[in-house]
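Visitor: Following this message is one structure expressed as structure tokens.
Read-outs: derived from the displayed coordinates by stated rules, not from any lab. Owing to the predicted nature of the structure, the values given are computational and were not obtained by experimental measurement. Neighbour counts run over all protein chains shown; Cβ positions are idealised from the backbone, glycine included.
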Amino acid sequence: MPVFKLYSKRQKELRGEVPEVFTYDNLPSGLRVQASLIIDDAFGTDKGGYGSSNKPEKGFAIIHEIICREYGVFELGVNNTGYSRNGKEQLKSQLLYSKEVDNVLDIIEFCFKYITKVIGKDLADYTQTTDIKLTPDEAVEELNARLKEHGVGYQFESGEIIRVDSTYIHSEITKPVLTLLWDDKFIGANEEYLKAHEHYRHGRNKECLTDCLKAFESTMKIICAEKGWSFNQTDTASKLINVCFANNLIPSFTQNQFSSLQNLLTTGIPTIRNKVGGHGQGQVPQKVDDELTRYGLNLTGANIIFLIEQSSL
């Protein structure tokens, strides 16, 4: 369903009453309701009749069982009303009323995983017995638009909720790199880069930098293996970078222009990680601040985009 700019929304924009920075620790009730409605529209309703299998209810039951198992509970409590009757009602109540932002994001993320990976995998078969109002792509598009509309700094990308700090960085780096890494051959690097985002979302900055380096190294190893270039699986980032340059991953006629890039690649992510994220921290625990972590995360993404695009030329 399209996102309409109602009169009241337009007036708020004119008055400057729109979020200029993202929030992460509050999910407005309006956003929760909108997410719930989007999920309902994407899961759809059973058509009934002969051969009906009620796929929407089964889907909610599967998600409920998985989340309960991961939380180590039999049921999800709701507000002050005890427990709901079925999985769908418990999930919806958690989404609408839970005070724990991470728990609400768990519900949203897993529902959208199901929408994109299960329903979307064979949409034609699903719609034979189920009426839906939103396709998986439409549902994701609306969810991300609603999150942005409310100034909430999360987006659903590549099957996961990730934290967003800048709309420009997200559109120009994060989204393109996840699109490139979605290719099956980059599955390992994709998992590592998504894990880095998950660490960043939860404030685990050292772990974020560590997985940034892993994703960066994995990307180069995959490119080197695909090109048949000699390297060792134990090679560090600096050695892998040298292999890429030695084999003209950057065309020789532009080598001089990219000398600064080589310095950036060799002193950027590896050095950040080695200095603050990858070695013993001594007597006083080291603190990796959010700004440095965000820089490392974005620098990793930009470098991965460049390497993959150059390897496909």
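Visitor: Please work out the C-alpha center-to-center distance from the range 138-193 to the range 107-122 and express it in whole Å.
Guide: 15 Å
Visitor: Would you order 212, 244 from fewest to most other beta-carbon atoms within 10 Å of each residue's own beta-carbon? Working shown, then result.
Guide: On the way: 212 31, 244 23.
Ascending Cβ contact count within 10 Å gives the list 244, 212.
Visitor: Cut-off is 10 Å between beta-carbons; in what order do 53, 218 appear when sorted fewest neighbours first? Walk me through the numbers on the way to the answer.
Guide: Values: 53 10, 218 22.
Fewest-to-most ranking of 53, 218: 53, 218.
Visitor: So for the pair residue 247, residue 47, with labels modelled 7 Å out along Cα→Cβ, what separation do we get in nm?
Guide: Placing both labels 7 Å along Cα→Cβ, they lie 5.1 nm apart.
Visitor: Moving to a separate point now. Relative contact order for the range 137-244: what percent, with Cα pairs under 8 Å and sequence separation of 6 or more? Could the numbers behind the result be given before it?
Guide: Values: 95 pairs, mean separation 17.5, N = 108.
For the range 137-244, the relative contact order is 16 percent.
Visitor: In nm, to one decimal, how far is the modelled label at residue 135 from the one at residue 118, with both set 7 Å along Cα→Cβ?
Guide: 2.1 nm
Visitor: If you don't mind, there's one more thing I want to ask. Could you work out the local net charge near residue 102, counting Lys and Arg as +1, Asp and Glu as -1, over the other residues with Cβ closer than 15 Å to its Cβ? Working shown, then result.
Guide: Values: positive: 32, 99, 163, 201, 204; negative: 25, 70, 100, 106, 109, 160, 198.
Overall, the nearby charge balance is -2.
Visitor: So how do 74, 186, 216 line up by other beta-carbon neighbours within 10 Å, fewest first? Please report the intermediate quantities before stating the final value.
Guide: Numbers: 74 8, 186 21, 216 29.
Ascending number of Cβ neighbours within 10 Å: 74, 186, 216.
Visitor: Report the extension gain between residue 145 and residue 187 in nm, rounded to one decimal, defined as 0.36 nm multiplied by the number of residues separating them, less their alpha carbon distance.
Guide: On the way: separation 42, 0.36 × 42 = 15.12 nm, distance 2.70 nm.
Taking residue 145 through residue 187 to full extension adds about 12.4 nm, to one decimal.
Visitor: Right, something else. In whole percent, what relative contact order does the range 81-195 give with Cα contacts below 8 Å and a gap of six or more residues? Could the numbers behind the result be given before it?
Guide: Numbers: 66 pairs, mean separation 17.8, N = 115.
15 percent.
Visitor: By the scheme Lys and Arg +1, Asp and Glu -1, what is the net charge of all other residues having a beta-carbon under 12 Å from that of residue 161?
Guide: On the way: positive: 113, 163, 201; negative: 102, 106, 109, 157, 160, 198.
Neighbourhood net charge equals -3.
Visitor: Quick check: pseudo-label points 7 Å beyond the Cα along Cα→Cβ at residue 313 and residue 234, how many nm apart are they?
Guide: Inter-label distance under the simple model: 3.4 nm.
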